[in-house]
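The block underneath contains the structure these notes are about, expressed in C-alpha cells.
The values are calculated or read from the model by the stated rules, or taken from the named source; none is laboratory data. The structure displayed is predicted, hence computed values, not measured ones. Neighbour counts are summed over all protein chains in view; Cβ atoms, including those assigned to glycine, are modelled from backbone coordinates with ideal geometry.
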Amino acid sequence: MVSKHFMITVLIGSFLSIGYIFQSYLMSITIGAILAIATRPIYEALYTKLNFSYRRVLVSSFLTLTLFLFVFLPFIYFVGLSYQLIPNISSDQVMQYTQNIVAYLKNLPKPFDVFQESINALLGEFDIFNVDIDVIKSILNNVAQFFWKINGIVYQFFLILFFYFLFNIYGYNIFILITRLLPMVKRFKRILYAEFSNTISSVFFSTVFSMVTQGIAFGLFLYFTTDYDAFYVGMSVGFATAIPVIGAYVVIVPLIIIELLNQNYLFAGIIVLFTTVVLSGLIDNILRLIFMKYINKKFSLHYKLNELFILLAMLAGIGVFGGWGIIIGPAILSLCVAFILIYLKSRINSSEM
C-alpha cells in the first residue's frame, strides 16, 4: 500500500518539476488557458450544432483563427505601423505644441486661476523652453523602439494561439483530471468552475465589445470629419479602450489638445461631445450593457463578483503582469472569490450536520 503522504510529496515535486521545465512558456500557457475558458461558451454552442467526428478540431481551429484575425493580427499591424509612423513625427512641431501648452498653463483663465500657483511651482521644475530639439527626437525614437520591442514578441502571440488551440481540444479532459485531484465534493467543484469561468467570459466579451465598437465608431467619426488617419486612430482608440478607467481618453485627449492649439475650437468641442455622448454614453453605458445582458442570458453567465472589484483586479493585474494583467487579474480574483464561496458553503453545511 502506497503512503498517502508519499504520493502527495511526489505529486507536488512532479508539478514543481513540470513548472520548472516549462517556466519559459508559463505566461503563454496561462493566457491560452484563460482565453480558452473565456470563449468556452462559444465553443460549446458551436460544438453542439455540429455532428461529425472531427468537430472538436474544426471548432478549435475556427476559434483560434478568429482570435488571430480579429485580435492578434490587428494588434501586430497596429504596433508595426506605430513603429513606422512615430519616428516621422516632426520634432519641431512637438516642441512647438509643448511650448504652447506650457505658455497656456502659465496664464490660466478664470476660474481655473486658483490652481495657478501650484502649476507654476510644478512648471518651474522643467525648463521646457531651453530643451534641446535632440531630446525630443530621442524621446520619439525611444517610443518607437518600445513599439518595436512589443512587435518583437510576436512569437509569444503564436505560442498563446497554439496553447489556446490545445486547451480548446483537450480542455475538458484536463478539467476532469484537475477536478479529480481536488479534495471536494462535485457541487463545490461546479461552483468553483462556474464562478471562475463565468467571470472570465463576461470580462472577455465586455472588453472585446467595447474595443471593437468604440474603435469603429471613433474611426468612422474621424473619416467623415477630418483628414486624420481614421483607420490608425480608430485602432488606437480600440486598443486603448481595454485600459481600465482612462481607456480611449489616452488617445482622444491629445487629439483635443492638438485641435485647441491649432485654434480649431469648434472641432475640439465636437470631439468632446462625440466622446461623451457616443463613446461614454451610448456605447459604454447603454449598448455594452444591452450586449452583456444578452450574452449573460444566452450563455447563462452568472457570477457574484462586483464590476468595481473586476476593475480593480484589472488595474492590479496590469501593474504586475503588464498588458496581460487585463485578463490575468480578474482570473486570479474570481478564483479567490470562488474558493471563499466554497469555504462559506462548506461551513454552513458542517454547522447544519
Fill in: Residue check for Ser206: in a helix (DSSP H, G or I) and within 16 Å of Phe78 (Cβ to Cβ)
no
Worksheet item: Any chance region 82-96 includes a residue that's modelled with pLDDT of 85 or more and assigned to a helix (DSSP H, G or I)?
Response: no
Worksheet entry | Flag for Ala217 being modelled with pLDDT of 90 or more and either closer than 21 Å to Ile290 by Cβ or in contact with an Asp or Glu (Cβ under 6 Å, 6 or more places away or on another chain) (or both) | yes
Worksheet item: Of the residues Ile37, Ile8, Ile12, which is of a type in the set (A, V, I, L, M), within 29 Å of the chain's Cα centre (by Cα) and assigned to a helix (DSSP H, G or I)?
Response: Ile37
Worksheet item: What do you reckon, is Leu260 in contact (Cβ under 8 Å) with a residue 24 or more places away in the chain, assigned to a helix (DSSP H, G or I) and of a type outside the set (Gly, Ala, Ser)?
Response: no
Worksheet entry | Ala240, sole failed condition from (1) buried (at least 18 other Cβ atoms within 10 Å of the Cβ); (2) within 21 Å of the chain's Cα centre (by Cα); (3) touching a residue at least 60 places away in the same chain (Cβ under 8 Å) | (3)
Discussion item. Out of Val245, Val233, Val251, I need the residue that is assigned to a loop (DSSP other than H, G, I, E, B) and farther than 30 Å from Tyr43 by Cβ. Which one?
Written reply: Val245
Worksheet item: Given the conditions (1) of a type outside the set (D, E, K, R); (2) within 18 Å of the chain's Cα centre (by Cα); (3) closer than 17 Å to Val208 by Cβ, and given that Ile295 satisfies all but one, which numbered condition is not satisfied?
Response: (2)
Fill in: Residue among Leu311, Leu282, Leu315 that is surrounded by fewer than 18 Cβ atoms within 10 Å (Cβ to Cβ) and either among the polar types (S, T, N, Q) or modelled with pLDDT of 90 or more (or both)
Leu282
